[in-house]
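Here the structure is laid out as structure tokens; the discussion comes afterwards.
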Amino acid sequence: MAKSTKYATPICITLSIITVIGIVVGLFARNPLIIAGLLLPAVIYEVYRTEGESTILSSWLILGAIVAELVLVIFKINFDLARFLGTSSQYIAGYYVPLGDIKVIFPTLMGVLSVILFLRTAGIYTKWLSVLIFLGAISIVYTIDPSLFQQLIKLVVQQGMNRIGNY
């Protein structure tokens, strides 16, 4: 059964304002904790709003990823996956994904899952929230590792160009 949309617009507007404040303050302070903390309400509302099988799974995985990210940042857990695996990138789902600090893995996952939500959902509010989550996720990656952020952007552009070429 579809969720009520009676208060969805003001809730999404409020969550947009909170998320944008988190992104702006977090980027200026170079603090991913601010971004993730103020993105959390949008993720929770996304979990509430999603209804399809794959979208429910994606939204719950995003919630798990943001909680894991908060734990890693709060407890200052550092682990260099590139050094551990002995490679600067890993072939995942047909693409070479750059590796680095483990703290960039969860927001990267959030970004990918938010794109899946955007593409697979029919609801305007879940699409709205998925855009907020994507923007928050890439902002977290940028605050942690700007060079890895650039590599990920290149990867996304490259994938987009490949998809356009396939049409």
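Condition check ((1) exposed (fewer than 15 other Cβ atoms within 10 Å of the Cβ); (2) of a type outside the set (A, V, I, L, M, F, W, C)) across all residues:
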{"site": "S4", "(1), (2)": "yes, yes"}
{"site": "A8", "(1), (2)": "no, no"}
{"site": "C12", "(1), (2)": "no, no"}
{"site": "T19", "(1), (2)": "no, yes"}
{"site": "V25", "(1), (2)": "yes, no"}
{"site": "L33", "(1), (2)": "no, no"}
{"site": "G37", "(1), (2)": "no, yes"}
{"site": "S58", "(1), (2)": "no, yes"}
{"site": "L70", "(1), (2)": "no, no"}
Please determine whether any residue of the stretch 116-138 is farther than 16 Å from L39 by Cα, surrounded by fewer than 16 Cβ atoms within 10 Å (Cβ to Cβ), free of Cβ contacts under 8 Å to residues at least 12 places away in the same chain and touching a strand residue (DSSP E or B) at 6+ places or on another chain (Cβ under 9 Å).
no
Do the conditions hold for I144, that is, is it within 23 Å of I56 (Cα to Cα) and at pLDDT 85 or above?
no
Pick from K103, K127: which is within 20 Å of T9 (Cα to Cα) and at pLDDT 85 or above?
K127
Give the residue, chosen from Q159, Q90, that is in contact with a Phe, Trp or Tyr (Cβ under 8 Å, 6 or more places away or on another chain), outside any helix (DSSP H, G or I) and modelled with pLDDT under 80.
Q90
Could you grab me the full set of residues in the stretch 27-84 that are closer than 18 Å to F134 by Cβ, in contact with a Lys or Arg (Cβ under 8 Å, 6 or more places away or on another chain) and β-branched (V, I, T)?
T55
Test for V73: is it touching a helix residue (DSSP H, G or I) at 6+ places or on another chain (Cβ under 9 Å) and within 30 Å of E51 (Cβ to Cβ)
no
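The values are calculated or read from the model by the stated rules, or taken from the named source; none is laboratory data. Small disclaimer: the values here were computed from a predicted structure and weren't measured. Every residue, glycine as well, gets a Cβ built from its backbone with ideal geometry; the counts of neighbours run over all protein chains shown.
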